[in-house]
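Asker: Pasting in a structure now, in structure tokens, and then I'll have a few things to ask.
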Amino acid sequence: MAKVIIENSIFPLERALYNLKSALVKSCTFAGEEDGESALKECRDVTLEGCSFELRYPLWHAKGYEMSGCEMTETVRAPIWYSDNGVIRNSRIDGIKCLRECKNTYIENSQIVSDEFGWLCDGVRFESTELTSQYLLFQSKNIEAKNLKMKGKYSFQYCENVLIENSYLDTKDAFWHAKNVTVKD
């Protein structure tokens, strides 16, 4: 099945691309005075390349999404919730409360500033990523991190099955009530 291609467009309205399936969204902007939220809610098999997001709740209940070269500004609240099988590469996310109750998320070569990042998630993998979060990965499980540069407080509380390798963690009060944690190098 060929993917639908959406390019060089501005989407300011609520649920602008609701339930989009098998699509490439390239060089688009999700912003505007209309203040529309939930732009890509319920999307399936969607690739986002070089897109800019300024509105709330862009990727909720997404299944099979890939972001590359995208930016989510600090005005984006709760950017990615209840979403499964996601890939985030070469992107910048500044929205508070990113990644909540998500499954199987791979994050590579990205910069993230998000208090309350990654709560109640299962299967989060980081590679060569910089992350700032006050409450990182609360009550999440099956976490892998390689070359993660992390700054924040209260990280990995109530986490299970955590493997961290070749990383730098600038944190305090970490790993409270955590189980099965391995930190190498």
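Asker: Per the Kirkwood formula on distinct C-alpha pairs, the Rh of segment 67-149 is how many angstrom?
Answerer: One over the average 1/r among Cα pairs gives 12.1 Å for segment 67-149.
Asker: Mind checking the dipole of segment 31-185: about its Cα centre, +1 per Lys or Arg Cβ, -1 per Asp or Glu Cβ, Debye to the nearest 20?
Answerer: 580 debye
Asker: Something else now. Carbon and sulfur atoms: what percent of the 1.4 Å accessible area of the chain do they account for?
Answerer: 43 percent
Asker: Taking H placed 1.01 Å from N in the peptide plane, check which residues at least 5 places from Ile96 or on another chain put their amide H under 5 Å from its amide H.
Answerer: For Ile96, the qualifying residues are Ala78.
Asker: Something else about it: Filter Lys151/Lys172; Lys103/Lys184; Lys151/Lys184; Lys41/Lys146; Lys41/Lys103; Lys149/Lys179 down to the pairs with a C-alpha to C-alpha distance above 20 Å, please.
Answerer: Too far apart for the 20 Å limit: Lys103/Lys184; Lys41/Lys146; Lys149/Lys179.
Asker: Could you do me a favour and compute the accessible area per residue for segment 1-139, 1.4 Å probe, result in Å²?
Answerer: Ligands and nucleic acids excluded, the figure is 44 Å² per residue.
Asker: Starting from the coordinates of the alpha-carbon atoms of the chain, obtain the Kirkwood hydrodynamic radius over all distinct pairs and give the value in Å to one decimal.
Answerer: 16.2 Å
Asker: If we count every other residue with Cβ under 11 angstrom of Lys21's Cβ, Lys/Arg +1 and Asp/Glu -1, where does the sum land?
Answerer: Net charge around Lys21: +1.
Asker: For segment 44-54, take each phi angle, set θ = phi - 60°, evaluate the Karplus expression 6.51 cos²θ - 1.76 cosθ + 1.60, and give the result in whole Hz per residue in order, putting x for glycine and proline.
Answerer: 9, 6, 10, 10, 10, 10, x, 9, 10, 10, 10
The values are calculated or read from the model by the stated rules, or taken from the named source; none is laboratory data. These numbers were taken from a predicted model, which means no experiment stands behind them. When we count neighbours, we look across all protein chains shown, and the Cβ atoms used for this are built from the backbone with ideal geometry, even at glycine. Just so you know, the surface numbers come from the protein's heavy atoms only, side chains and all, with ligands and any DNA or RNA stripped out. Shrake-Rupley method; radii C 1.70, N 1.55, O 1.52, S 1.80 Å.
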